[in-house]
Amino acid sequence: MKKIKVLALCAIVASFAMSCSDDRDEPLNESQTDILSGPVSKEHKTAIENLGLGSNEVKYVTNEYPDGTSKSGVLTADDIFVTLDALAQTELASDADGKQYRTRALVSQNRTINVVGYTGGRFALTSRMRTGLQRAVDNYNAINISLRFNLRFAATTNADMVVYNAGSSDAGGQAEFPSGGRPGKFIQIFGGMDRFNSDVNEHVAAHEMGHALGFRHTDYARRRCDNINEGQSSFGAIAIPGTPSGNQWGGSNIDSNSIMISCFDSGEDGEFSNFDIVALEFLY
């Protein structure tokens, strides 16, 4: 079996989304529906730079969601998706006071998060994806945090998190960062994940849920897959107390067992590392 290299893009506020498609040995290209025509405008490149993100190798893309909506925006460095609306707000904020557009990407404490594993039509999760999601939710509920997760499988988007099959032959997923104290709502699991066992699907589901709760990649400063530095950007890359110095958000002491490493392979067991648990318990 070919080994996969994750081009992980994982989560950014409702306006920003990162996706994590992986395989540590051979790169996979993200499949996007509806590519907007033409090169990215100078204004949008400037807005991307104002967010603290690289403006090289950028392109327009559109993501579709199972509720029939879609979001168009810019994909930069094959890693980060920023909606056109968010870019417009960034430009306005920059023009108004010289500050970057900012958002606080954490979920409010002491809440129950309703999770739907989507089962409708072409967006339906496969059996392996469903098993992986169930295990991931069980793992979050086993940790001593103030958040509780209620999972059901249904053809509805009436939930705090909606996990669905985005199709394509790619492996990995995509999620959104929290917004307004709520978790990122839509979590994509790419169709290629059905090639992997339930443990690997558990890993990817837990990883994307981590982004929806506000976590960045543990190796964001130098991604294991491609050596790209994702940058702190305006939403930040804040070290979490209790984890090794320089570890949780990049640096020399990387927790290679972290569920939030940007890459995954076919040997993942889907379990949190000790420092993942420390980080979750500190934040929530």
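The values are calculated or read from the model by the stated rules, or taken from the named source; none is laboratory data. Please read all numbers here as calculations on a predicted model, not as lab measurements. Reconstructed Cβ throughout: ideal geometry from the backbone, glycine too, with neighbour counts over all protein chains shown.
Take the range 68-85 and flag every residue that is surrounded by fewer than 22 Cβ atoms within 10 Å (Cβ to Cβ) and at pLDDT 70 or above. Steps first, answer last, please.
Filtering the range 68-85 for residues surrounded by fewer than 22 Cβ atoms within 10 Å (Cβ to Cβ) gives 68-72, 77-78, 83-85.
Answer for the range 68-85, where residues must be surrounded by fewer than 22 Cβ atoms within 10 Å (Cβ to Cβ) and at pLDDT 70 or above: GLY68, THR69, SER70, LYS71, SER72, THR83, LEU84, ASP85.
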Practice item. Could you give me the residue pairs with C-beta distances under 7 Å whose first residue belongs to the range 263-284 and is more than 18 Å from VAL204 (Cα to Cα) and touching a residue at least 60 places away in the same chain (Cβ under 8 Å), whose second residue is among the small types (Gly, Ala, Ser) and part of a loop (DSSP other than H, G, I, E, B) wherever it lies, and which are 6+ apart or on separate chains? Key: TYR284/SER146
Review point. In this structure, is SER169 among the polar types (S, T, N, Q) and over 22 Å from ILE113 (Cα atoms)?
Key: yes
Check your understanding: In this structure, is LEU92 farther than 30 Å from ILE145 by Cβ and modelled with pLDDT of 60 or more?
Key -> no
Review point. Any residue at all in the range 160-170 that is closer than 30 Å to ILE277 by Cβ, modelled with pLDDT of 80 or more, out of contact with any Ser or Thr (no Cβ under 8 Å at 6 or more places or on another chain) and among the polar types (S, T, N, Q)?
Key: no
Review point. What pairs come up if the first residue lies in the range 245-260 and is part of a loop (DSSP other than H, G, I, E, B) and among the acidic types (Asp, Glu), the second is modelled with pLDDT under 80 and surrounded by fewer than 16 Cβ atoms within 10 Å (Cβ to Cβ), and their beta carbons are under 9 Å apart, counting only those six or more places apart or on different chains?
Key: ASP255/PRO244
Check your understanding: Within the set of pairs 6 or more residues apart or between chains, which connect a residue that is touching a residue at least 40 places away in the same chain (Cβ under 8 Å) inside the range 131-156 to a residue that is among the charged types (D, E, K, R) and buried (at least 19 other Cβ atoms within 10 Å of the Cβ) with Cβ atoms less than 6 Å apart?
Key -> GLY132/GLU202; ARG135/GLU202; ALA136/GLU202
Review point. How many of the residues making up the range 119-178 are assigned to a strand (DSSP E or B) and farther than 27 Å from GLY73 by Cβ?
Key: 7
Point to revise | Every pair of residues 6+ apart whose Cβ atoms lie under 6 Å, when the first sits in the range 42-69 and is closer than 30 Å to GLY121 by Cα while the second is at pLDDT 80 or above and assigned to a helix (DSSP H, G or I) | key: PRO66/PHE123
Review point. Is it fair to say ARG216 is under 30 Å from THR112 (Cβ atoms), modelled with pLDDT under 80 and either outside any helix (DSSP H, G or I) or among the aromatic types (Phe, Trp, Tyr) (or both)?
Key: yes
Practice item. Identify, by number, the condition in (1) crowded, with 24+ Cβ neighbours inside 10 Å; (2) on the phi > 0 side of the Ramachandran plot that HIS203 doesn't meet. Key: (2)
